[in-house]
Every structure is written in C-alpha cells, then in structure tokens.
Amino acid sequence: DTAVSQTPKYLVTQMGNDKSIKCEQNLGHDTMYWYKQDSKKFLKIMFSYNNKELIINETVPNRFSPKSPDKAHLNLHINSLELGDSAVYFCASSLRDRSYEQYFGPGTRLTVT
Amino acid sequence: AQSVTQPDIHITVSEGASLELRCNYSYGATPYLFWYVQSPGQGLQLLLKYFSGDTLVQGIKGFEAEFKRSQSSFNLRKPSVHWSDAAEYFCAVGANTNAGKSTFGDGTTLTVKP
C-alpha cells in the first residue's frame, strides 16, 4: 500500500564512499523529486524528473547524480561522500500538471563518518 | 520568486490548549498552499492544502487553516492540542509553473507540555 517508498531508511558510510538511495512510487505519477533536509530541518529541492527527463537541477554538487529508469523510479547516486552530505533525503512524486501537490516518501537518513 | 516565512521557530503549548502556527508567503499569482507535519524521525505528512474556493480548509487530525489573501497568510490552527501533535510543521507554497518547484518554510517546532 505504500505510496512512495525509499530504501534504505538509514545509511551510515565513510567519507569517500559511493552510495545510492532508491525511490519508488505506485501512485501512477509521472514526476518525481529529491529533497535534502539538513540538520536544521531546512528542506530544499535538489532535482525533479518528468517521464525520465530532468526538469529541475538546483545548485547541487555534480557528485550527486539522479537516475530515473522509468517514471515510477528515481534513484540518487552520490559519489565521493563528504561529511556535509549527512542529511535526510526525501523523495516525492506528483502528476506533472499538479506538480504543486507532492507526496513524500519516509526519508533516508544518511550519515557520513 | 516564491517564498515562505514561518516567523515562529519554536512554540510551546499546554495539552488541551489552542494552537496557531503562522505562515506568510510571497507569490505573484494565486498560490497553492500546504501544511505538512513531520513527527520525530518520520517523513512528511500532508495535513491540508488550499488551491481555491473556501478560504477555510479542513485537514486531518483536527487541523484547519485559513487563507487570507490580504495578509498573504495561511495560518494553521487546532482548537485543542494533543501530546501526539508535538512535531515539526512546515508550510509550503507550490506552483503549477516553475516545473513544480515547491518552496518550504523553515519549519516550526511544536512542543506540547503535559
């Protein structure tokens, strides 16, 4: 029944490693998003994809690379992890013509040591 | 550019007391407005939304919000707070333009005293 799911829920890794976070939605939406929530709980959009096409790419280091194999999935790959990447990453989805109404996943808490 | 301001970083209320969380927005056209709640260690849950029509909207968990265009506000209210309402609350403004880029306020932390 889960609408937007993310794996893993927690991710602890060392600096310099490469890791991926996966997101899947079963709502039939065609647009998906990645948000970053920092330690002060500020939420900022990172990317959005519509039908596998990148439509929003905020100022994010190019160590972050989203990949959308199909419109129900949007993964986030992070290379050469840094301490400052520690945050909670949220995936969200919507319909393109109702992109203001987004549904969020449970989040992935990434800790870089 | 759209923006959202939540003036109160932290609010403490007693259980059973009423609650109002403030939200002010800046947007050039009719905004789409939302309130989300984030319980500790959890994701974001949509409490309610305003698109058009009646300016007083009802949400889940007994919350309501009122859209006031003249004040550019969308304040969240609850008549009687429960201990389980302790959480982080985010106001957000979205648009059907700008490729769906929703902007969130910085959040208000609600503490509920017994």
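A few notes on this one:
- When A:D38 is tested against the conditions (1) within 11 Å of chain B (Cβ to nearest Cβ); (2) in contact with a Pro (Cβ under 9 Å, 6 or more places away or on another chain); (3) open to solvent by 10 Å² or more (accessible area, probe 1.4 Å), the lone failure is (2).
- Residue within the stretch A:80-99 that is touching a residue at least 60 places away in the same chain (Cβ under 8 Å), within 8 Å of chain B (Cβ to nearest Cβ), closer than 26 Å to B:L48 by Cα and not in a strand (DSSP E or B) present: yes
- Remark: A:L74 falls outside the filter, which requires a residue to be touching a residue at least 24 places away in the same chain (Cβ under 8 Å) and either open to solvent by 60 Å² or more (accessible area, probe 1.4 Å) or within 11 Å of another protein chain (Cβ to nearest Cβ) (or both).
- Matching residues, the stretch B:68-90, being touching a Cys at 6+ places or on another chain (Cβ under 7 Å) and over 23 Å from B:G16 (Cα atoms): B:S73
- The lone exception for B:K61 - which of (1) away from chain A (no Cβ under 14 Å); (2) touching a residue at least 12 places away in the same chain (Cβ under 8 Å); (3) part of a strand (DSSP E or B); (4) not hydroxyl-bearing (S, T, Y) it fails: (3)
- Filtered residue count, the stretch B:92-108, keeping only those that are modelled with pLDDT under 95 and outside any loop (DSSP other than H, G, I, E, B): 8
- Unique residue being open to solvent by 60 Å² or more (accessible area, probe 1.4 Å) and under 26 Å from A:A92 (Cα atoms) when the list is B:K113, B:K49, B:K68: B:K49
- Candidate set: the stretch A:100-113, residues that are assigned to a strand (DSSP E or B) and more than 9 Å from chain B (Cβ to nearest Cβ); chosen: the one most open to solvent (accessible area, probe 1.4 Å): A:T111
- Hits in the stretch A:56-68 - residues which are over 14 Å from the mean Cα position of the chain (by Cα) and either part of a strand (DSSP E or B) or farther than 23 Å from A:Q14 by Cβ (or both): A:T59
The values are calculated or read from the model by the stated rules, or taken from the named source; none is laboratory data. Everything quoted here is computed from the prediction, not taken from an experiment. Neighbour counts are summed over all protein chains in view; Cβ atoms, including those assigned to glycine, are modelled from backbone coordinates with ideal geometry. Side chains included, ligands, DNA and RNA excluded: accessible areas come from the protein's heavy atoms. Shrake-Rupley method; radii C 1.70, N 1.55, O 1.52, S 1.80 Å.
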